[in-house]
Amino acid sequence: MAILGSMETLSPRDVPLGGLRAMTVRRTLPQRQRTFIGAWCFVDHYGPDEVATHGGMVVPPHPHTGLQTVSWLFSGEIEHRDSAGFTATVRPGEVNLMTAGRGISHSEYSTGGTTLLHGAQLWVALPEGARNIEPGFEHFAPEQLVGDGWRARVFIGSLLGADSPVRTHSPLVGAQLEVEAGSTLRVPVDAAFEHGILLDTGAVTVDGTPLVVNGLGYVPAGQDTIEIVAAQDARLLLLGGAPFGEKIVMWWNFIGRDHEEVVEYRAQWQRLIEGGSSDRFALPVSDLMPPIPAPALPNVQMLRRG
Ligand code: MN
């Protein structure tokens, strides 16, 4: 964590995604000092990567529980296929929200036509009342809002007069913001929300504090405006929500509430991919690749965080 002025900034760490050709992402959430921003609990930011050099995204079928995944691209295309029967092409400026609920599996492959892959993969933790709902998938292409020196696409929740219809289960917001060099965008926000601001490109200050490229600035609850001043053309993601208020165990691709739950999720996934049956998971139909086995469990009790 770097303290720049008054804003806490979460610095990214490089994480290989795994799979055959390991693509590397920049992870800013979770961190040792911060598990959540609202219900946002996972922020992976990647690219721009030349697919010819880096191999693109090759993530065979793997499971999720207790969360929603939010895919947002700046360039390239990803083919999504899941066990609830949805297939979709993820495209720049369009949100794809997958609700894992009680259990889903999916695969993600960048398309053959993709030369440059650049985007973010985000997770939202589901609250107690929604974490065991049936899995689902939603797609939404937000209209571009255009103001004086700025543009925005609101993909989750409500911001700048726009509303996203995709279903979330706690108060949340997510938007792409672009601010031109020399311009200021004052974003009215819900004062009950905490926010994270990921700087993808350009140079900005947020409430007077410089934000480093690829860093996630943290704005605590209690303010009704966030001021973004661009020194260079900038593109950002604004993520916010009401403080989550529940503790979770997050391990591999699972979110549960205690160690034993996560052990059960893992056992069900392993049973399924070894040819047995599972009442929680299924596989995407006619996937291109075999499913990913879960890693070995840690030797210690997994602790609740948040
Ligand atoms: Mn996934």
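No lab work stands behind these numbers, since they all come straight from the coordinates. Since this is a predicted model, take the numbers as computed values, not measurements. We place every Cβ from the backbone using ideal geometry, glycine too, and count neighbours over all the protein chains shown.
Pairing the Cα long axis of helix 259-273 with the longest principal axis of the chain, what angle in degrees results, from 0 to 90 and rounded to the nearest 10?
60 degrees
What relative contact order, as a whole-number percentage, does region 1-138 give when Cα pairs under 8 Å and 6 or more residues apart are counted?
Numbers: 343 pairs, mean separation 36.5, N = 138.
The value is 26 percent.
What relative contact order, as a whole-number percentage, does region 46-202 give when Cα pairs under 8 Å and 6 or more residues apart are counted?
About 22 percent, as a whole number.
Given Cα positions, please report Rg to Rh for region 1-107, the hydrodynamic radius being the Kirkwood one.
Using Cα coordinates only, the ratio equals 0.98.
Only four residue types carry charge here, +1 at the Cβ of Lys and Arg and -1 at the Cβ of Asp and Glu. Report the dipole size of region 158-306 about the Cα centre in Debye, rounded to the nearest 20.
400 debye
Give me a comma-separated list of calculated 3J(HN,Hα) values for region 138-146, in order, Karplus coefficients 6.51, -1.76, 1.60 applied at θ = phi - 60°, integers in Hz, x for any Gly or Pro.
9, 10, 8, 10, x, 5, 7, 8, 10
Express in whole angstrom the spacing between the alpha-carbon centres of region 42-71 and region 100-148.
Each part's Cα centre sits 10 Å from the other's.
Just from its helices, what would the mean residue ellipticity at 222 nm be for the chain, if runs of 4 or more DSSP H residues each count -39500 (n - 2.57) and the sum is divided by every residue, rounded to the nearest 500 deg cm²/dmol? Before the final figure, lay out the partial values.
On the way: 2 runs with 19 residues, N = 306.
It comes out at -2000 deg cm²/dmol, rounded to the nearest 500.
Peptides 211-222, 135-146: what's the order by average Cβ count within 10 Å, highest mean first?
Details: 211-222: 18.7, 135-146: 15.7.
So the order, starting with the most tightly packed, is 211-222, 135-146.
Using +1 on the beta carbon of Lys and Arg, -1 on that of Asp and Glu, and nothing else charged, what's the dipole of the chain about the Cα centre, debye to 20?
Its charge dipole is roughly 680 debye.
Taking Cα pairs under 8 Å and at least six residues apart, what relative contact order does the chain come out at, in percent?
Relative contact order comes out at 19 percent.
Kirkwood hydrodynamic radius, computed over distinct alpha-carbon pairs, for region 11-241: how many Å, to one decimal?
17.8 Å
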